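Enquirer: One structure is given below, represented as C-alpha coordinates, and several questions about it will come after.
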Amino acid sequence: MPEMPEVQAHAERLTEAFAGATLDRFRPLAFTALKTATPAPEAAAGHPLLEVGRRGKHLLLRFEPVTFVVHLMQGGRLKPDDKQAARPRGGQARWYFADGRALLLTEAGTERRAGVWVVAGEPDHQEPLADLGPEAAGIDRDTLAALLPEHGMRLHGWLRDQRIVAGLGRRLANEICHRARLSPFAATGKLDDEAVDRLHAAIGACIEESLAYERTRADMSSSKDRPGAVHHRDGEPCPVCGDTVRAVEYRSYTVNYCPTCQTEGRVLAGNTTSKFLN
Ligand SMILES: [Zn+2]
(Lines give C-alpha, C1' and ligand atoms only; values in the text may rest on other atoms or scores of the structure.)
Protein backbone atom coordinates (compact mmCIF):
# COMPACT_ATOMS: atom_id res chain seq x y z
CA MET A 1 0.00 0.00 0.00
CA PRO A 2 1.29 3.49 -0.73
CA GLU A 3 2.38 5.11 2.55
CA MET A 4 3.17 8.72 3.44
CA PRO A 5 6.23 9.18 1.19
CA GLU A 6 4.54 7.73 -1.89
CA VAL A 7 1.32 9.69 -1.36
CA GLN A 8 3.18 12.93 -0.52
CA ALA A 9 5.40 12.82 -3.62
CA HIS A 10 2.38 11.96 -5.76
CA ALA A 11 0.42 14.89 -4.32
CA GLU A 12 3.32 17.16 -5.26
CA ARG A 13 3.40 15.76 -8.82
CA LEU A 14 -0.36 16.23 -9.24
CA THR A 15 -0.18 19.79 -7.90
CA GLU A 16 2.64 20.56 -10.33
CA ALA A 17 0.63 19.24 -13.27
CA PHE A 18 -2.95 20.21 -12.41
CA ALA A 19 -3.08 23.15 -9.99
CA GLY A 20 -4.98 26.02 -11.58
CA ALA A 21 -6.92 23.78 -13.96
CA THR A 22 -10.66 24.39 -13.78
CA LEU A 23 -12.87 21.42 -13.01
CA ASP A 24 -15.56 20.75 -15.58
CA ARG A 25 -17.22 17.78 -13.85
CA PHE A 26 -16.65 14.78 -11.58
CA ARG A 27 -18.05 11.37 -12.50
CA PRO A 28 -18.02 8.21 -10.37
CA LEU A 29 -17.42 5.19 -12.63
CA ALA A 30 -18.27 2.56 -10.00
CA PHE A 31 -21.19 2.88 -7.63
CA THR A 32 -19.01 2.22 -4.59
CA ALA A 33 -16.49 4.96 -5.41
CA LEU A 34 -18.25 8.02 -3.97
CA LYS A 35 -18.62 7.59 -0.21
CA THR A 36 -20.58 10.78 0.57
CA ALA A 37 -24.05 12.02 -0.45
CA THR A 38 -23.56 15.68 0.44
CA PRO A 39 -22.13 18.07 -0.47
CA ALA A 40 -22.54 17.27 -4.16
CA PRO A 41 -19.28 16.98 -6.14
CA GLU A 42 -20.81 19.42 -8.67
CA ALA A 43 -20.06 22.16 -6.13
CA ALA A 44 -16.48 22.16 -7.43
CA ALA A 45 -17.45 22.55 -11.10
CA GLY A 46 -16.18 25.80 -12.57
CA HIS A 47 -13.53 26.19 -9.87
CA PRO A 48 -9.75 25.79 -10.27
CA LEU A 49 -7.88 23.05 -8.44
CA LEU A 50 -6.01 24.90 -5.68
CA GLU A 51 -3.60 22.08 -4.86
CA VAL A 52 -3.38 18.38 -4.14
CA GLY A 53 -2.50 17.96 -0.48
CA ARG A 54 -2.09 14.97 1.79
CA ARG A 55 -3.24 13.84 5.24
CA GLY A 56 -2.06 10.43 6.42
CA LYS A 57 -2.32 8.20 3.35
CA HIS A 58 -5.10 10.30 1.78
CA LEU A 59 -4.83 12.67 -1.16
CA LEU A 60 -6.77 15.94 -0.84
CA LEU A 61 -7.91 17.57 -4.09
CA ARG A 62 -8.72 21.04 -2.83
CA PHE A 63 -11.19 23.30 -4.60
CA GLU A 64 -12.52 26.43 -2.97
CA PRO A 65 -16.07 25.12 -2.28
CA VAL A 66 -15.19 21.46 -1.50
CA THR A 67 -12.29 19.07 -1.11
CA PHE A 68 -12.18 15.58 -2.63
CA VAL A 69 -10.52 13.23 -0.14
CA VAL A 70 -9.15 10.18 -1.98
CA HIS A 71 -7.93 7.01 -0.30
CA LEU A 72 -6.02 4.70 -2.65
CA MET A 73 -5.99 1.74 -0.23
CA GLN A 74 -3.96 -1.21 -1.58
CA GLY A 75 -4.36 -1.07 -5.34
CA GLY A 76 -5.71 2.39 -6.09
CA ARG A 77 -3.98 4.89 -8.37
CA LEU A 78 -4.88 8.44 -9.35
CA LYS A 79 -3.32 9.36 -12.67
CA PRO A 80 -3.62 11.72 -15.63
CA ASP A 81 -5.98 10.05 -18.07
CA ASP A 82 -5.06 10.71 -21.70
CA LYS A 83 -7.30 8.03 -23.21
CA GLN A 84 -10.49 8.86 -21.31
CA ALA A 85 -11.93 5.48 -22.29
CA ALA A 86 -15.65 4.91 -21.71
CA ARG A 87 -15.01 1.90 -19.46
CA PRO A 88 -11.42 2.07 -18.18
CA ARG A 89 -10.06 -1.05 -16.50
CA GLY A 90 -10.59 -0.80 -12.74
CA GLY A 91 -12.10 2.67 -13.22
CA GLN A 92 -13.55 4.17 -10.04
CA ALA A 93 -13.98 7.88 -10.70
CA ARG A 94 -12.85 10.61 -13.08
CA TRP A 95 -12.31 14.35 -12.79
CA TYR A 96 -12.73 16.18 -16.13
CA PHE A 97 -11.02 19.54 -16.49
CA ALA A 98 -12.09 22.38 -18.74
CA ASP A 99 -8.79 22.24 -20.66
CA GLY A 100 -9.65 18.73 -21.90
CA ARG A 101 -7.46 16.81 -19.47
CA ALA A 102 -8.73 14.36 -16.86
CA LEU A 103 -7.63 12.54 -13.72
CA LEU A 104 -8.68 8.91 -13.33
CA LEU A 105 -8.94 6.92 -10.11
CA THR A 106 -8.47 3.21 -10.74
CA GLU A 107 -8.26 0.27 -8.40
CA ALA A 108 -6.56 -3.02 -9.24
CA GLY A 109 -8.09 -6.25 -7.95
CA THR A 110 -11.63 -6.84 -6.82
CA GLU A 111 -11.69 -5.44 -3.29
CA ARG A 112 -13.17 -2.06 -4.23
CA ARG A 113 -11.95 -0.30 -1.12
CA ALA A 114 -10.49 2.84 -2.69
CA GLY A 115 -12.87 5.74 -2.38
CA VAL A 116 -13.68 9.42 -2.69
CA TRP A 117 -15.23 11.60 0.01
CA VAL A 118 -16.48 15.12 -0.79
CA VAL A 119 -16.29 17.52 2.15
CA ALA A 120 -16.98 21.23 2.59
CA GLY A 121 -14.74 23.31 4.81
CA GLU A 122 -11.55 22.09 6.48
CA PRO A 123 -11.47 18.30 5.96
CA ASP A 124 -9.27 17.51 8.96
CA HIS A 125 -12.11 17.04 11.45
CA GLN A 126 -14.48 15.24 9.09
CA GLU A 127 -14.76 11.69 7.81
CA PRO A 128 -12.61 9.94 6.75
CA LEU A 129 -9.87 12.01 8.43
CA ALA A 130 -11.51 12.77 11.78
CA ASP A 131 -9.92 9.91 13.73
CA LEU A 132 -6.37 10.23 12.39
CA GLY A 133 -3.55 10.78 14.84
CA PRO A 134 -0.80 13.36 14.30
CA GLU A 135 1.35 12.99 11.21
CA ALA A 136 4.24 10.57 11.73
CA ALA A 137 6.31 12.86 9.51
CA GLY A 138 7.71 15.63 11.68
CA ILE A 139 6.26 14.31 14.95
CA ASP A 140 8.22 15.78 17.86
CA ARG A 141 9.96 13.58 20.38
CA ASP A 142 7.80 14.55 23.36
CA THR A 143 4.55 13.87 21.51
CA LEU A 144 5.90 10.48 20.47
CA ALA A 145 7.05 9.72 24.02
CA ALA A 146 3.57 10.53 25.38
CA LEU A 147 1.66 8.54 22.75
CA LEU A 148 3.70 5.33 23.21
CA PRO A 149 2.44 4.40 26.72
CA GLU A 150 -0.96 6.00 26.10
CA HIS A 151 -1.67 3.31 23.51
CA GLY A 152 0.15 0.31 24.94
CA MET A 153 0.59 -2.37 22.29
CA ARG A 154 3.23 -4.09 20.18
CA LEU A 155 5.42 -1.58 18.35
CA HIS A 156 4.78 -2.78 14.78
CA GLY A 157 1.00 -2.58 15.21
CA TRP A 158 1.32 0.75 17.02
CA LEU A 159 3.23 2.29 14.12
CA ARG A 160 0.57 1.11 11.64
CA ASP A 161 -2.42 2.36 13.64
CA GLN A 162 -3.57 5.51 11.81
CA ARG A 163 -5.52 6.69 14.86
CA ILE A 164 -2.26 6.96 16.84
CA VAL A 165 0.13 8.30 14.19
CA ALA A 166 -0.88 8.80 10.56
CA GLY A 167 1.00 7.91 7.39
CA LEU A 168 2.91 4.71 8.16
CA GLY A 169 2.11 1.23 6.86
CA ARG A 170 3.61 -2.24 6.84
CA ARG A 171 6.77 -1.38 4.94
CA LEU A 172 7.76 1.66 6.98
CA ALA A 173 6.83 -0.11 10.23
CA ASN A 174 9.31 -2.87 9.31
CA GLU A 175 11.99 -0.40 8.29
CA ILE A 176 11.54 1.89 11.30
CA CYS A 177 11.77 -0.96 13.82
CA HIS A 178 14.94 -2.17 12.12
CA ARG A 179 16.48 1.29 11.95
CA ALA A 180 15.68 1.85 15.64
CA ARG A 181 17.10 -1.59 16.57
CA LEU A 182 13.83 -2.43 18.30
CA SER A 183 11.82 -5.63 18.18
CA PRO A 184 8.61 -5.22 16.16
CA PHE A 185 6.95 -6.91 19.13
CA ALA A 186 8.37 -4.59 21.81
CA ALA A 187 5.70 -3.29 24.19
CA THR A 188 5.29 0.44 23.51
CA GLY A 189 4.60 1.14 27.19
CA LYS A 190 7.99 -0.24 28.21
CA LEU A 191 10.39 1.61 25.92
CA ASP A 192 13.07 3.54 27.84
CA ASP A 193 14.19 7.06 26.95
CA GLU A 194 17.06 5.88 24.81
CA ALA A 195 14.76 3.56 22.84
CA VAL A 196 12.31 6.45 22.30
CA ASP A 197 15.21 8.57 21.01
CA ARG A 198 16.16 5.86 18.53
CA LEU A 199 12.54 5.35 17.46
CA HIS A 200 12.05 9.09 16.93
CA ALA A 201 15.21 9.33 14.82
CA ALA A 202 14.25 6.22 12.84
CA ILE A 203 10.77 7.51 11.99
CA GLY A 204 12.27 10.72 10.63
CA ALA A 205 15.11 9.06 8.72
CA CYS A 206 13.02 6.30 7.12
CA ILE A 207 10.35 8.74 5.95
CA GLU A 208 12.97 11.17 4.63
CA GLU A 209 14.81 8.49 2.65
CA SER A 210 11.64 7.12 1.07
CA LEU A 211 10.38 10.60 0.25
CA ALA A 212 13.69 11.57 -1.35
CA TYR A 213 13.57 8.42 -3.49
CA GLU A 214 9.94 8.90 -4.42
CA ARG A 215 10.54 12.51 -5.48
CA THR A 216 13.05 11.28 -8.10
CA ARG A 217 10.28 9.37 -9.87
CA ALA A 218 7.83 10.45 -12.59
CA ASP A 219 5.12 8.24 -11.10
CA MET A 220 4.37 6.40 -7.88
CA SER A 221 6.72 3.47 -7.22
CA SER A 222 5.50 -0.08 -6.83
CA SER A 223 6.39 -1.73 -3.54
CA LYS A 224 9.25 -3.81 -4.95
CA ASP A 225 11.11 -0.64 -6.05
CA ARG A 226 11.03 1.10 -2.68
CA PRO A 227 14.23 1.36 -0.66
CA GLY A 228 14.58 -0.78 2.43
CA ALA A 229 16.74 -2.99 4.61
CA VAL A 230 14.32 -5.69 5.76
CA HIS A 231 10.85 -5.29 4.21
CA HIS A 232 10.13 -8.29 1.93
CA ARG A 233 13.79 -9.30 2.25
CA ASP A 234 13.48 -12.46 4.35
CA GLY A 235 16.39 -14.76 3.69
CA GLU A 236 18.64 -11.91 2.54
CA PRO A 237 21.54 -10.58 4.62
CA CYS A 238 20.85 -7.60 6.88
CA PRO A 239 22.72 -4.63 5.34
CA VAL A 240 23.81 -3.52 8.84
CA CYS A 241 25.13 -6.74 10.42
CA GLY A 242 24.91 -9.51 7.81
CA ASP A 243 22.54 -11.71 9.82
CA THR A 244 19.67 -13.28 7.89
CA VAL A 245 16.47 -11.20 7.71
CA ARG A 246 13.55 -13.17 9.14
CA ALA A 247 9.78 -13.09 8.70
CA VAL A 248 6.74 -13.61 10.88
CA GLU A 249 3.78 -14.23 8.60
CA TYR A 250 0.27 -13.04 9.26
CA ARG A 251 -2.80 -13.60 7.13
CA SER A 252 -2.59 -10.25 5.38
CA TYR A 253 0.96 -9.03 6.01
CA THR A 254 4.48 -10.00 6.99
CA VAL A 255 6.68 -8.64 9.75
CA ASN A 256 10.35 -8.65 8.73
CA TYR A 257 13.21 -8.15 11.19
CA CYS A 258 16.88 -8.86 11.81
CA PRO A 259 17.48 -10.99 14.94
CA THR A 260 20.96 -9.56 15.65
CA CYS A 261 19.90 -5.92 15.23
CA GLN A 262 16.47 -6.16 16.87
CA THR A 263 15.78 -9.16 19.09
CA GLU A 264 19.11 -9.93 20.77
CA GLY A 265 19.59 -12.76 18.31
CA ARG A 266 16.31 -14.49 19.10
CA VAL A 267 14.41 -15.90 16.14
CA LEU A 268 10.74 -15.28 16.76
CA ALA A 269 8.13 -17.93 16.20
CA GLY A 270 6.51 -18.09 12.76
CA ASN A 271 2.84 -18.02 12.00
CA THR A 272 1.94 -20.99 14.21
CA THR A 273 2.26 -18.87 17.35
CA SER A 274 2.20 -15.41 15.83
CA LYS A 275 -1.33 -14.76 17.00
CA PHE A 276 0.06 -14.55 20.52
CA LEU A 277 2.54 -11.89 19.47
CA ASN A 278 0.17 -9.45 17.84
ZN1 LIG B 1 21.08 -6.73 11.36
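Enquirer: Which one of Leu50, Thr22, Leu78 is farthest out on the positive end of the charge dipole of the stretch 1-78, using unit charges on Cβ (Lys, Arg +1; Asp, Glu -1) and the Cα centre as origin?
Expert: Leu78
Enquirer: Quick one: dipole size for the stretch 84-178, taken about the Cα centre, charges +1 on Lys/Arg Cβ and -1 on Asp/Glu Cβ, in debye to the nearest 20.
Expert: On the way: 12 positive and 13 negative charges, 141 e Å.
Magnitude of the dipole: close to 680 debye.
Enquirer: Pick out, from Phe63, Ala269, Cys206, the residue whose Cα sits farthest towards the positive end of the charge dipole of the chain, with +1 on the Cβ of Lys and Arg and -1 on the Cβ of Asp and Glu.
Expert: Ala269
Enquirer: Cα-Cα over 23 Å: which of Lys57/Lys224; Lys35/Lys57; Lys79/Lys224; Lys35/Lys83; Lys57/Lys79?
Expert: Flagged as over cut-off: Lys35/Lys83.
Enquirer: Then there's this: Can you bin the stretch 138-199 into rounded, prolate or oblate? Criterion: square roots of the alpha carbon gyration tensor eigenvalues sorted a ≥ b ≥ c, rounded for a/c under 1.5, prolate for a/b above b/c, oblate for the rest. Present the calculation step by step, with values, prior to reporting the outcome.
Expert: Details: a/c = 1.27, a/b = 1.09, b/c = 1.17.
It is rounded, given that a/c, with a ≥ b ≥ c, falls under 1.5.
Enquirer: Ordering Glu64, Glu42, Glu6 from largest to smallest accessible area (1.4 angstrom probe), what's the sequence?
Expert: Glu64, Glu42, Glu6
Enquirer: Would you please put 164-175, 207-218 in order of how densely packed they are, using the mean number of other Cβ atoms within 10 angstrom per residue and starting with the highest?
Expert: With the highest mean Cβ count within 10 Å placed first, the list reads 164-175, 207-218.
Enquirer: Rank these residues by their accessible area, most exposed first, probe 1.4 Å: Leu14, Leu191.
Expert: Largest accessible area first, the residues go Leu191, Leu14.
Enquirer: Rolling a 1.4 Å sphere over the protein heavy atoms, what is the accessible area per residue of the chain, to the nearest Å²?
Expert: 47
Enquirer: To continue, here is another question. Assign one of three labels to the stretch 73-132, namely rounded, prolate or oblate, based on the Cα gyration tensor with a ≥ b ≥ c the square roots of its eigenvalues; rounded applies when a/c is under 1.5, prolate when it is not and a/b is larger than b/c, and oblate otherwise.
Expert: Oblate, since a/c reaches 1.5 and b/c is not below a/b.
Enquirer: Whenever you get a sec, compute what percent of the accessible area on the chain sits on carbon and sulfur atoms (1.4 Å probe).
Expert: 49
Enquirer: Sticking with this structure for a sec: Kindly give Rg over Rh for the stretch 1-109, based on alpha-carbon atoms, with the Kirkwood expression for the hydrodynamic radius.
Expert: With Rg and the Kirkwood Rh in hand, the quotient comes to 0.92.
Enquirer: Ok, one more. How far apart, in nm, are two points set 7 Å out from the Cα along the Cα-to-Cβ line at Tyr213 and at Ala120?
Expert: 4.3
The values are calculated or read from the model by the stated rules, or taken from the named source; none is laboratory data. Note that the structure is a prediction, hence the values are computed from the model and not measured. In this analysis, Cβ positions are derived from the backbone assuming ideal geometry, glycine residues included, and neighbour counts consider all displayed protein chains. Accessible surface areas use protein heavy atoms only, side chains included; no ligands, DNA or RNA. Shrake-Rupley method; radii C 1.70, N 1.55, O 1.52, S 1.80 Å.
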